[in-house]
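Some notes on the structure that comes next.
The values are calculated or read from the model by the stated rules, or taken from the named source; none is laboratory data. All of these numbers come straight from a predicted model, not from anything done at the bench. Here the Cβ positions follow ideal geometry from the backbone for every residue, glycine too, while neighbour counts run over all protein chains shown.
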Amino acid sequence: MKILRKILVFILGFILYNLVCAFILTFALKDIVQTEMIGGVVRENILPAITESEDVSSEDKEKIQALLEDEGVNQVINDVVGDILTTFGDENATFDQESIDKIFDYVIDNKEQLEKAIGKEIDTNEIEKFRDSDEYNQFTDELSKTLNETGSTLDSSSRTVIKTYNYIVSDNFKIALGIIILIDLLLIMLIQWSLYKWLSILGRALYTSGITVMIMYLAVKVFINKLLVDNGINITIDTSNIFLLGIGSLVLGIVLVIIYKIINKAKMNKEKSLEEPTKEVV
């Protein structure tokens, strides 16, 4: 019976390790694919057009470049890219004007910050006026039509890959993984019939996942960036988030193992102290 329990706990622990690994990577995947890869391509296509323009001063070029590297701007790009990927991954989804409006909403909401960045005043009234114009409606209609047509021409395998990616980075998938992890831990608790031994298994799963994620970080940093350079793609993927997630998982795992050892030692000492008086009486 004890051997069977150990086998079951080992299997559940291995499953837990894979689940934790997947859970960690879902947080890094969206940032790498949308912000770094696709967002990087967007930035690399915008910047040359700006730097090669004779109508833009060198000072303004530097300000625009700094603006494109701003976290808020990148988040807007990330949101719009996410809407495009949703359109490409779902036959029933359509890219609409609301997605484009996010860019203008960001400018209006962050007017003062952007004015400091570019060194010029921003007339939000003019922006709103433009959004109400026929030119803007025509522009958004044409852009939406182009993106929707592009999405409709994708083959089934490409659509499946995009749809899978969209699901993996979704909150629903993270919640599902979290629930499965809790069920796995509950089964381990029931099999071991202990309220604290699961700390050791979860801790090992966390620090092992952390080490795995950090190894993946090195692989992405070295091989993928080299692959992009070799293929003439002038972007560098920042994988620091993966590394930070790996370190966080490693540290948390070690802490849980230490807590388990402290509780286990205290329990053993208590049992030993209860046994000693009994022996004296005998």
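Residues of segment 192-208 being crowded, with 18+ Cβ neighbours inside 10 Å and over 21 Å from the mean Cα position of the chain (by Cα), which ones? Walk me through it before giving the result.
Step one: of segment 192-208, the residues crowded, with 18+ Cβ neighbours inside 10 Å are 192, 198-208.
Scanning segment 192-208 gives Q192, W198, L199, S200, I201, L202, G203, R204.
Take the conditions assigned to a helix (DSSP H, G or I), modelled with pLDDT of 80 or more and either out of contact with any Pro (no Cβ under 8 Å at 6 or more places or on another chain) or not basic (K, R) (or both) and apply them to I175. Does it pass? Walk me through how you get there before you give the answer.
Numbers: assigned to a helix (DSSP H, G or I): yes; modelled with pLDDT of 80 or more: yes; either out of contact with any Pro (no Cβ under 8 Å at 6 or more places or on another chain) or not basic (K, R) (or both): yes.
Here the answer is yes, as I175 does meet what is asked.
Could you tell me how many of the residues in segment 65-117 are assigned to a helix (DSSP H, G or I), at pLDDT 70 or above and more than 30 Å from L154 (Cα to Cα)?
Summing the residues that are assigned to a helix (DSSP H, G or I), at pLDDT 70 or above and more than 30 Å from L154 (Cα to Cα) in segment 65-117 gives 7.
Looking at the structure I just gave you, is R131 under 26 Å from the mean Cα position of the chain (by Cα) and among the charged types (D, E, K, R)? Before you say what the answer is, go through the steps one by one.
Values: under 26 Å from the mean Cα position of the chain (by Cα): no; among the charged types (D, E, K, R): yes.
Answer is no for this residue.
Please enumerate the residues belonging to segment 177-191 that are free of Cβ contacts under 8 Å to residues at least 40 places away in the same chain and either in contact with a Ser or Thr (Cβ under 9 Å, 6 or more places away or on another chain) or surrounded by fewer than 13 Cβ atoms within 10 Å (Cβ to Cβ) (or both).
So the first thing to find is which residues in segment 177-191 are free of Cβ contacts under 8 Å to residues at least 40 places away in the same chain, and the list is 179, 182-183, 186, 189-190.
Correct list: I179, L182, I183, L186, L190.
Which one of the conditions (1) at pLDDT below 85; (2) within 30 Å of I168 (Cα to Cα) does F14 fail to meet, given that it meets all the rest?
(1)
Could you pull out the residue among I201, I258, I247, I224 that is at pLDDT 85 or above, assigned to a helix (DSSP H, G or I) and more than 15 Å from V20 (Cβ to Cβ)?
Numbers: I201 fails: more than 15 Å from V20 (Cβ to Cβ); I247 fails: more than 15 Å from V20 (Cβ to Cβ); I224 fails: at pLDDT 85 or above.
After applying the criteria, what remains is I258.
Scan segment 138-150 residue by residue and report those that are among the polar types (S, T, N, Q) and touching a residue at least 12 places away in the same chain (Cβ under 8 Å).
Restricting attention to segment 138-150, the residues satisfying the condition of being among the polar types (S, T, N, Q) are 138, 140, 144, 146, 148, 150.
Hits for segment 138-150 are T140, S144, N148, T150.
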